[in-house]
Amino acid sequence: MNGWLAAACLLLVLGLGPALCGAVVGPVRSRLLAQNVATVLAALVLLLASPGYDRPAYLDTALVLAVLGPAGTLVYERLLAEDLPRGTPWPGLARGASWASVAVVPPVVVPVCFAVAPGRTTVKVLVIGALLVAGSAVCGRALAKAPRTAAGEGSGG
Amino acid sequence: MAELPVLIGLLLATAAGTAAALSREPVHQALVLSVLGLALALLFTLLQAPDVALSQLAVGTVLTPLMVLLSVRKVRRRPREESPADGRGEEG
């Protein structure tokens, strides 16, 4: 086991374990936030598995997850708009978890960037990192917003 | 020591699967199911089967929870729509 896989194990235990706990207990809003955090962390683990097993093709899985994850969270947010209550019991914890998941992205992406072969693969890693940060920001803003009532406002989409 | 990532992935998938089986509310279950799909995709990648992980990501993370949520929405909305009307019961 090399350093990449050790870092992936660390992310799995310290990141995805608590995210799973957050998705299991609590109100719907904090569960959705925990699911979003789990998506970002899983994409980072997939990113680390690529140099860990020395297979550049593993990056495709991370790319697919970086695209699908925020889209899925936004779809849930739209479908569950009536179920999302106005706040979480621990708003600071939820916000902290979201920020922590975003803060972990650069320390993972930059070393992976230098580890892979320069050229198109580097660009792909950078695109994955940018997608993760942008998706997390968009989802965090959508979830922090006050929920729409079902009849109050017409949904345009 | 080389099997440690696989072991952790197995433990995560087991925990997520147990949690999905034990949650009673369908909406909560959909979210736990999506985390279970993530855990399975990670496990497949750590077992060095990225193609299986790709399809698992698309199906387990997005499609299955979305279908659960859409059915929950449909089931919940039906009584509200029927109550003012003459209540023609459409099965299915």
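The values are calculated or read from the model by the stated rules, or taken from the named source; none is laboratory data. What you are looking at is a predicted structure, and each value in this text was computed from that prediction instead of being measured. So basically every Cβ, Gly included, is an ideal-geometry build from the backbone, and we count neighbours across all protein chains shown. For accessibility, only protein heavy atoms count, side chains too; no ligands or nucleic acids. Shrake-Rupley method; radii C 1.70, N 1.55, O 1.52, S 1.80 Å.
Remarks
- In the stretch B:1-52, the residues that are over 18 Å from A:THR73 (Cβ atoms), β-branched (Val, Ile, Thr) and at the interface with another protein chain (Cβ under 7 Å from one of its Cβ atoms): B:ILE8, B:THR45
- Among the residues here, A:ALA62 qualifies as more than 7 Å from chain B (Cβ to nearest Cβ), farther than 17 Å from A:GLY140 by Cβ and not basic (Lys, Arg).
- Every test in (1) open to solvent by 30 Å² or more (accessible area, probe 1.4 Å); (2) in contact with a Gly (Cβ under 8 Å, 6 or more places away or on another chain); (3) farther than 15 Å from B:LEU46 by Cβ is passed by A:GLY69 save one, and that test is (1).
- Some residue of the stretch A:39-52 being touching a Phe, Trp or Tyr at 6+ places or on another chain (Cβ under 7 Å), more than 10 Å from chain B (Cβ to nearest Cβ) and either over 20 Å from B:VAL59 (Cβ atoms) or polar (S, T, N, Q) (or both): yes
- Counted residues, the stretch A:48-72 - those being among the polar types (S, T, N, Q) and free of Cβ contacts under 8 Å to residues at least 60 places away in the same chain: 1
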